[in-house]
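Comments concern the structure below.
The values are calculated or read from the model by the stated rules, or taken from the named source; none is laboratory data. Please read all numbers here as calculations on a predicted model, not as lab measurements. Here the Cβ positions follow ideal geometry from the backbone for every residue, glycine too, while neighbour counts run over all protein chains shown.
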């Protein structure tokens, strides 16, 4: 029939161009880019692991942090960092050495032996709180270190300022409040806490007035250093220097002679005439020795005569020998 179209067909007259998509279709074809890493996908197990690690790191940074003994060195550590001494032998040794502690953590239903009994007895005598803890919580506190059911929380060491320590010591000496001339040990590049502990012990034995460590790339007073010092860290201040060479220059201005300990020095230790004066002995690492700038700052480079077959002494032993010689010469001068 004329005027009627095919049934079901819809015919529209063309009224001009239709509105486009504005590029939305083109963007859809571009896709969503490369597949994200597993740790960046919220539904993936790796994402949860990463989230827990970040939360743990943030908690350690703001609490202050914890570091299980034996799971990292002292270099670069924050001055506010705490430690957890872990393992039965280590905990007992730390308590015997009078390492200051905040708490002794003991696992629930721990298998008792002589070490556990001694640790609990020493902690009780020292007034250290005993906290019974479930094993999962103890694992978390110690960063999954091997703790054998015992962990000792050591508080952060409070470092005095190196310049202020030197200045106050010189002032006390000039006023007659201390009998012997100021005597300091400065560490240049020492990173082994056991070396620091041995040095602290020697400084205490030979009437030294303090140990100075750089703020960066240097050992700090860790639980290992406390143990090696056999409690001497309570008596000998360990001061931090933001810049070791700057502090050494300031000490020289105070009238303190800066003497470097190094092989092949221009003065042999037995002939050290400056021993009776205010002195700061600087010792470097066994491998690298004194750094170039520190060496240039020294008033003298002092060497310890040793057998030619032995290349060098470790820092702790070199300091002990040097302090003994200084102490001997000072005693002889006082006896005259």
Revision key, fill the gap. Filtering region 70-121 down to residues that are in a loop (DSSP other than H, G, I, E, B), within 23 Å of residue 235 (Cα to Cα) and either touching a strand residue (DSSP E or B) at 6+ places or on another chain (Cβ under 8 Å) or modelled with pLDDT of 85 or more (or both) yields 79, 82, 99, 100, 101, 102
Check your understanding: Which condition does residue 265 not pass, out of (1) modelled with pLDDT under 90; (2) assigned to a helix (DSSP H, G or I); (3) buried (at least 18 other Cβ atoms within 10 Å of the Cβ), if it passes all the others?
Key -> (2)
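Across region 99-108, which residue is farthest from residue 223 (Cα to Cα) among those that are surrounded by fewer than 17 Cβ atoms within 10 Å (Cβ to Cβ) and in contact with a helix residue (DSSP H, G or I) (Cβ under 9 Å, 6 or more places away or on another chain)? Before you say what the answer is, go through the steps one by one.
Within region 99-108, the subset surrounded by fewer than 17 Cβ atoms within 10 Å (Cβ to Cβ) is 100, 102, 108.
Imposing the further condition that a residue be in contact with a helix residue (DSSP H, G or I) (Cβ under 9 Å, 6 or more places away or on another chain) reduces the set to 100, 108.
Numbers: 100: 9, 108: 24 Å.
Filtering region 99-108 for residues that are surrounded by fewer than 17 Cβ atoms within 10 Å (Cβ to Cβ) and in contact with a helix residue (DSSP H, G or I) (Cβ under 9 Å, 6 or more places away or on another chain), the one farthest from residue 223 (Cα to Cα) comes out as 108.
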Practice item. Filter region 302-336 for residues that are surrounded by fewer than 18 Cβ atoms within 10 Å (Cβ to Cβ) and under 16 Å from residue 258 (Cβ atoms) and give the result. Key: 303
Exercise for review: Could you tell me whether residue 139 is surrounded by fewer than 20 Cβ atoms within 10 Å (Cβ to Cβ) and either within 18 Å of residue 86 (Cβ to Cβ) or within 21 Å of the chain's Cα centre (by Cα) (or both)?
Suggested key: yes
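In the set 281, 274, which member is part of a helix (DSSP H, G or I), surrounded by 14 or more Cβ atoms within 10 Å (Cβ to Cβ) and at pLDDT 90 or above? Reasoning before the result, please.
Values: 281 fails: part of a helix (DSSP H, G or I).
So the residue among 281, 274 that is part of a helix (DSSP H, G or I), surrounded by 14 or more Cβ atoms within 10 Å (Cβ to Cβ) and at pLDDT 90 or above is 274.
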Review point. Which one of 213, 203, 219, 236 is in a loop (DSSP other than H, G, I, E, B), in the same structural domain as residue 289 (by TED's automatic domain parsing) and crowded, with 22+ Cβ neighbours inside 10 Å?
Key: 219
**Study point:** Residue count, region 158-197 (criterion: under 16 Å from the mean Cα position of the chain (by Cα) and surrounded by 22 or more Cβ atoms within 10 Å (Cβ to Cβ))
**Key:** 7
Practice item. Would you mind telling me which numbered condition in (1) in a loop (DSSP other than H, G, I, E, B); (2) over 26 Å from the mean Cα position of the chain (by Cα) residue 124 fails? Key: (1)
